[in-house]
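Single-structure report; data block below.
Any read-out appearing in this document is the output of simple, stated calculations on the displayed coordinates, not a laboratory observation. Keep in mind that what you see is a predicted model, and the values were worked out from it rather than measured. Note that we place each Cβ from the backbone using ideal geometry, even for glycine, and neighbour counts take in every protein chain shown.
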Amino acid sequence: MSTFIFSPSKNAFYLSSLKERYLASASWPSDGKEVDDATFYEFSSAAPAGKTRYVTADGYPAWGDLPPPTHEEAVATAKNVKALRIEQVNTFIAAQQWPSKLALNRLNENDKAAFLIWLDYLDAVSAVDTSLAPNISWPVEPA
């Protein structure tokens with residue numbers, strides 16, 4: 001008997017030695033297929049980048065491409081990216097102490113020009129319409 005069982009309907013592996021426990025909890029798969037150790041170790045580990053485990057027509061595990069994100073997932077990702085960029089800009093501006101220096105009239109012309117460039121970038125990021133994801137052209141961060 002194999003050490004591992006793969007259930008196509010659950011897309012999950014089960015340890016054969018624990019079959020009695022699975023049966024007692026009514027969770028042993030009725031469609032289980034014996035798989036060798038190499039199959040278990042390959043397909044129970046982390047999926048390769050951009051891949052997910054799926055079930056082949058013959059009921060065994062295989063790696064397949066991840067489906068593209070839904071519109072809602074793309075919008076959520078874009079909202080997170082937007083919030084992160086805004087936070088990074090605000091952190092950078094604060095680290096330069098430009099607002100304080102400007103208020104105290106201690107901002108030199110070079111720093112004032114840089115501050116304005118970063119404020120323009122902040123405005124551009126803030127104006128991004130995340131509902132257009134994944135078709136967003138993000139503004140380029142200043143050098």
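Per-structure values
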quantity	calculated
Dipole in debye (nearest 20) - the chain, about Cα centre, beta carbon charges: Lys, Arg +1; Asp, Glu -1	380 debye
Within the range 2-23: backbone nitrogen closer than 18 Å to the residue 42 label point (7 Å, Cα to C-beta)	2-8, 11-14
Packing rank of 85-93, 43-51, where each peptide gets the mean count of other beta carbons within 10 Å, highest leading	85-93, 43-51
Exposure proxy ranking, count of Cβ atoms within 10 Å, fewest first, for 41, 54, 121	41, 54, 121
